[in-house]
1. Name the pairs whose Cβ atoms lie under 7 Å apart, with the first residue in the stretch 145-163 and farther than 25 Å from Gln337 by Cα, the second assigned to a loop (DSSP other than H, G, I, E, B) and more than 8 Å from the ligand (Cβ to nearest atom), and 6 or more positions between them or separate chains?
2. Test Gly299 against the criterion of being touching a strand residue (DSSP E or B) at 6+ places or on another chain (Cβ under 9 Å) and touching a residue at least 40 places away in the same chain (Cβ under 8 Å), and give yes or no.
3. Scan the stretch 249-286 residue by residue and report those that are in a helix (DSSP H, G or I), over 19 Å from Ala216 (Cβ atoms) and at pLDDT below 95.
4. Hey, any hits in the stretch 254-275 for a residue that's under 29 Å from Phe420 (Cα atoms) and small (Gly, Ala, Ser)?
5. In the stretch 340-357, is there at least one residue being buried (at least 21 other Cβ atoms within 10 Å of the Cβ) and more than 18 Å from Leu183 (Cβ to Cβ)?
6. Those residues that are of a type in the set (A, V, I, L, M) and within 11 Å of the ligand (Cβ to nearest atom), I need them from the stretch 118-132; list them, please.
7. For the stretch 230-245, indicate whether the set of residues that are basic (Lys, Arg) and part of a helix (DSSP H, G or I) is non-empty.
8. Working only within the stretch 163-194, note down all residues that are surrounded by 12 or more Cβ atoms within 10 Å (Cβ to Cβ) and touching a helix residue (DSSP H, G or I) at 6+ places or on another chain (Cβ under 6 Å).
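The values are calculated or read from the model by the stated rules, or taken from the named source; none is laboratory data. Because the structure is a prediction, the values reported are computed rather than measured. Glycine gets a Cβ as well: all are built from the backbone with ideal geometry, and neighbour counts include every protein chain shown.
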Amino acid sequence: MSLTTTDKRLVEPVKSFASGSDIRNLHKLHGQLTYIEQSKKEHAYSPAVVKLYDLALSYVADAETHARNGGRVARVMGPWMAPLMYAMDIVPIPLNELDRSGSDDTITIAEDHFQLPKETCSMVSSMLGDLYLHRDRPIKDLVVFNGRCEPLNIASDLVAAEGYRVHRIEAVNRPLDNDPERLAVTVRFLADELADLAIRLTGKPVDLARVEFEIARSNRILGKVRRIFDLRKSNPLYIKTLGTMFMVTGSANFFGKPEQYEATLDLLIEELITADYIRSARGKIVQLAWVGGRSPAFGLYKTIDDCGGAVTAWATPNSWSQDWPRARNPLESIALQILGKTGGNGLGSPVHRLKPIERLVNEFGASGIIFYSFLGCFRGVHQEIQRDHFQKLAIPSIGLEGTFHVGPPSGQLLTRIRAFIEMLS
Ligand code: SF4
């Protein structure tokens, strides 16, 4: 398979590392790209889905070109930063876009160069290794939430020594005991932190009218994502699992190109309204919800499709199922979103997410839930709380744990997914 120019971002980061690893990297790369290329072919009837993949693949490379040409780009943590960043003319790239370089060296680098213990969660190791590989590249700003995860805080300290500019947002949390007065204080504090961040990044206060414009744009786009999921209820295989995962991922940061992303959603809506029904080779379609982290092992999504499954409800960190919360000003609206007010994977108790997930499961007719977390992550506890809740509601679920860095899924994970879907068939 030849690599297109839009795939270059998956190749270029490894050039700065030992040349002996390049061949191995290309093999690994081949794995993830193969799934995307294969999915593009399967969706040949849909120019919109093909465009969606192209937007995703060109995201980081185009942002780097933008940075080289004098534009601003920042790596951000969490799916909540788009309105503020776009309001400052900064292209946001979420940290989980790291390790898309396809390098299998990232964890080794983290362990050797940063002396990370082997027990460190794979997300931290992969990101650290990849930030090291990207250290000579043009994106230097990193926006970090101190309250998100302590291992990630340590990782940000370590990469500061590699030439990155780390901008911290002080810790906030939304505990189970969600006293409204306390929440209001937390929201004001976080909104002030965001205002300070804007000054640190640009040297001046952010234009609040621009932030409002960007929140309105986000809400309009989320409305289109919901319309697509609604239309897909009667034709679940028109966009297969990997495609919907990319659509949900893009709904937070628009792959750096909000107008193009929105136009792609418009096209997808047009297609879905008149599309022929796509039958499952297995007859019945088993509708599923995916809750938790998104796996970078794309083989898992392909296995779901191949077994006659379809993920109809995604409850990942992006809260696409509701609009951004209303507040006294747009920065407080962002603060409420960060605190998980609309059911996203915010900074606080996982119990706040139970009802929003339940609504998603009911609305999209999922007959079973796949809970996904990363090995070594404290969010495994969240998963247990959530699984317990849905067990009491007699909704079948399966808990999967995988590693963060790009690679093939383990045979055990594939077997468990197959058995789960078979059980629900
Ligand atoms: S997987 Fe969990 S512990 Fe690891 S960096 Fe991500 S949130 Fe933190």
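1. Once the first residue is farther than 25 Å from Gln337 by Cα and sits in the stretch 145-163, its partners that are assigned to a loop (DSSP other than H, G, I, E, B) and more than 8 Å from the ligand (Cβ to nearest atom) give Leu158/Phe114; Glu162/Arg135; Gly163/Arg135; Gly163/Lys140.
2. Here the answer is no, as Gly299 does not meet what is asked.
3. Passing the criteria: only Thr249.
4. No.
5. The answer is yes; a qualifying residue exists.
6. Met123, Val124, Met127, Leu128
7. First, the residues of the stretch 230-245 that are basic (Lys, Arg): 232-233, 240.
With part of a helix (DSSP H, G or I) added as a condition, the list becomes 232.
Scanning the stretch 230-245 turns up at least one residue that is basic (Lys, Arg) and part of a helix (DSSP H, G or I).
8. Val166, His167, Ile169, Glu170, Val172, Val187, Leu190, Ala191, Leu194
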